[in-house]
Amino acid sequence: MKPLGPIPPHFPAQGADLMIAGRPARAWAQEHGTPLFVYDAAVVRSRVAELRAALPPTVRLHYAVKANPFGPLLALLAGLVDGFDIASAGELALLAAQGIDPARAGFAGPGKRDAEISAAIAAGVTLHCESAREVERALALGAEAGQRPRLAIRVNPDFDLRGSGMKMGGGARPFGVDAENVPALARRIVAAGADWRGFHIFAGSQALDATAVIATQAATLDLALRLAQEAGVPLPALNLGGGFGIPYFPGDRPLDLPAVGAALAQELERHAAQLRDTRLAVELGRYLVGEAGVYLARVIERKESRGEVFLVTDGGLHHQLAASGNFGTVVRRNYPLALATRMDAPADEVASVVGCLCTPLDRLADRAALPVAAEGDVVAVFCAGAYGATASPAAFLGHGPATEILAESAAHTVG
Ligand SMILES: *Cc1c(COP(=O)(O)O)cnc(C)c1O
C-alpha cells in the first residue's frame with residue numbers, strides 16, 4: 001500500500017459526495033461529462049487574497065500563463081493580478097483573446113523566433129531577453145518596425161533555489177544570461193536607446209521550504225542591485241521569480257507564506273534607498289491555480305488481476321501527466337486522489353487507479369487504500385489546476401482532450 005498526497009482544504013465532503021464550488025463532483029461530472037477539469041474560481045480568489053495580505057504592498061503579483069492558459073481562468077486572473085508572464089506568441093494570443101492588455105505581459109523563454117519578437121514589440125510586451133544574441137535581434141527588429149522595444153534581461157544567477165522541484169538557474173543553463181555577462185549587456189541595451197526594463201531572475205520552482213525561498217529572494221535582490229550598480233544603469237523593474245510550491249505528495253507541508261512575506265518586507269526595507277524607483281514583482285503559476293483544479297474521471301471497469309484491484313477510468317496521463325509521475329519527478333509518488341462518490345465509506349481495499357491508455361505509465365494512483373469502488377464511480381485527482389491539461393499529451397492514443405470549466409459557484413459556470 002502506498003499513501004496518497006494531502007487533499008487541499010477547499011473541497012469538503014457532504015455525505016458520500018465530494019463538493020467542488022458548492023456542488024457535488026458527481027453533479028459536475030453528470031452535467032459536463034468526464035474526463036473533466038473543474039477550476040474553482042473562489043479558490044483562486046482566496047489564494048490571491050492570501051498573497052496580497054502576506055507580501056509587501058509594493059510587490060506586484062504576476063501570473064505565469066504556462067501553468068494553465070485556460071481562457072476563462074485568464075479572464076478571472078486579469079482582474080486579480082498585476083501582470084502576466086508569457087513564454088510564446090501563442091500565449092500572447094491567448095491573452096489578447098481575453099481582451100487582456102499585452103502591455104501587462106513579460107515574455108521570457110529561450111528560442112524566441114523573429115515573428116514572436118516582432119509581435120511582442122508591436123504589442124508593447126516587455127521582452128525578457130535570454131541572450132546577447134536575442135538582444136541584438138530585438139534591437140534590429142524594433143528598428144526595422146520603427147518601434148522602441150521594451151527590454152529586460154533574464155539573468156542566469158550564480159545560485160539556485162534550494163529544495164526546488166525544478167531548478168531553472170545556477171550553473172550552465174539554456175535560460176538567461178550568465179550573471180557575469182549581464183552588466184555589459186545592460187549597458188548595451190541602454191546605449192542603444194531601448195526602453196530598459198531591468199532584470200528577471202527565476203531560480204527554481206515548487207519550493208515548500210520557506211527558508212529556501214527567503215534565502216533565494218534575498219540573494220536575488222542582492223544580485224540585481226549589484227549587477228545594476230556594476231553596469232551603471234538604473235533598475236526600473238525587477239522580477240524576483242517565485243517558485244512557491246504546493247503540497248502534492250505524502251508528507252509535503254504548505255509553504256509558510258507569512259514567513260516569506262515578512263522576510264521579503266525586511267529585505268525591501270534594508271534596500272529601500274536603492275529600490276526607491278524599482279517596480280518589484282513575483283511571478284507565480286501553480287501557487288495561484290494548482291490547488292483550485294480537480295480532475296474528474298469515471299470508473300469504466302473494476303478489474304482484478306492476480307489478486308490486485310485496478311479501477312480503470314476514462315481519464316489518464318493524456319490529461320494528467322504529472323499525476324502519473326511522468327512530468328519532472330524522479331520517484332513516482334501518489335498525488336492526492338479520492339473516490340468523489342464514496343467520501344463517507346471507509347478505505348477498505350487497496351486499488352490502483354489507472355487510465356484508459358495502453359501504456360503501463362498510465363497510473364493515477366498506485367496501490368492506494370480506497371473505499372470499494374464500482375463502475376460509474378467518479379475519481380477526483382487534486383492539484384490539477386496547474387500543469388494538467390496544458391502539460392499533458394492530449395493527442396496520445398486518440399482519446400482527445402478533457403473538458404475544462406471554471407466553476408464560479410453552484411449557479412454560474414463558464415466553459
Ligand atoms: C515555469 C515558470 C514559472 C511558474 O512556475 P510555478 O512553479 O508554476 O510557479 C514562473 N516563471 C518562469 C520563468 C517559469 O519558467
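The values are calculated or read from the model by the stated rules, or taken from the named source; none is laboratory data. Since this is a predicted model, take the numbers as computed values, not measurements. All Cβ positions, even for glycine, are placed from backbone atoms using ideal geometry, and neighbour counts span all protein chains on display.
Run down 289, 294 and say which single residue is buried (at least 22 other Cβ atoms within 10 Å of the Cβ), out of contact with any His (no Cβ under 8 Å at 6 or more places or on another chain), outside any strand (DSSP E or B) and in contact (Cβ under 8 Å) with a residue 12 or more places away in the chain.
On inspection, the qualifying residue turns out to be 289.
Just to check your reading of the model, which residue among 182, 190, 260, 233 is in contact with a Phe, Trp or Tyr (Cβ under 8 Å, 6 or more places away or on another chain) and either within 16 Å of the ligand (Cβ to nearest atom) or closer than 23 Å to residue 104 by Cβ (or both)?
Of 182, 190, 260, 233, the one residue that is in contact with a Phe, Trp or Tyr (Cβ under 8 Å, 6 or more places away or on another chain) and either within 16 Å of the ligand (Cβ to nearest atom) or closer than 23 Å to residue 104 by Cβ (or both) is 260.
Filter region 369-415 down to the residues that are under 17 Å from residue 296 (Cα atoms), part of a strand (DSSP E or B) and modelled with pLDDT of 95 or more and list them by number.
Once the filter is applied, which keeps residues that are under 17 Å from residue 296 (Cα atoms), part of a strand (DSSP E or B) and modelled with pLDDT of 95 or more, region 369-415 yields 370, 378, 379, 380, 381, 403, 404, 405, 406, 407.
Suppose we filter region 323-353 for residues that are assigned to a strand (DSSP E or B) and under 21 Å from residue 28 (Cα atoms); how many remain?
Counting residues in region 323-353 that are assigned to a strand (DSSP E or B) and under 21 Å from residue 28 (Cα atoms) gives 4.
Mind checking which helices (runs of 4 or more DSSP H) fall wholly inside region 29-131 and carry at least 1 residues that are touching a helix residue (DSSP H, G or I) at 6+ places or on another chain (Cβ under 6 Å) and within 15 Å of the ligand (Cβ to nearest atom)?
Per the criteria, 41-54, 89-97.
Out of region 193-208, which residues are assigned to a loop (DSSP other than H, G, I, E, B) and either over 14 Å from residue 239 (Cβ atoms) or more than 11 Å from the ligand (Cβ to nearest atom) (or both)?
Once the filter is applied, which keeps residues that are assigned to a loop (DSSP other than H, G, I, E, B) and either over 14 Å from residue 239 (Cβ atoms) or more than 11 Å from the ligand (Cβ to nearest atom) (or both), region 193-208 yields 193, 194, 206, 208.
Within region 236-257, how many residues turn out to be part of a loop (DSSP other than H, G, I, E, B) and more than 10 Å from the ligand (Cβ to nearest atom)?
So the answer is 11.
Surrounded by fewer than 19 Cβ atoms within 10 Å (Cβ to Cβ), more than 16 Å from the chain's Cα centre (by Cα), modelled with pLDDT of 95 or more and among the hydrophobic types (A, V, I, L, M, F, W, C): does that describe residue 42?
yes
Would you please name the residue that is nearest to residue 60 (Cα to Cα), looking only at residues in region 283-335 that are within 16 Å of the ligand (Cβ to nearest atom) and acidic (Asp, Glu)?
Ranking the qualifying residues of region 283-335, first place goes to 283.
Do any residues in region 146-173 that are closer than 27 Å to residue 192 by Cβ have Cβ atoms under 9 Å from those of residues that are at pLDDT below 90 and outside any loop (DSSP other than H, G, I, E, B), where the two are at least six apart or on different chains, and which pairs are they?
173/167
List the pairs whose first member sits in region 331-345 and is in the same structural domain as residue 35 (by TED's automatic domain parsing), whose second member is charged (D, E, K, R) and part of a loop (DSSP other than H, G, I, E, B), and whose Cβ atoms are under 8 Å apart, counting only residues at least 6 apart or on separate chains?
Correct list of pairs: 333/2; 334/2; 339/377; 340/377; 341/377; 342/377.
Please pick out the residue among 53, 49, 115 that is in the same structural domain as residue 257 (by TED's automatic domain parsing), modelled with pLDDT of 95 or more and aliphatic (A, V, I, L, M).
Result: 115 is the single residue among 53, 49, 115 that is in the same structural domain as residue 257 (by TED's automatic domain parsing), modelled with pLDDT of 95 or more and aliphatic (A, V, I, L, M).
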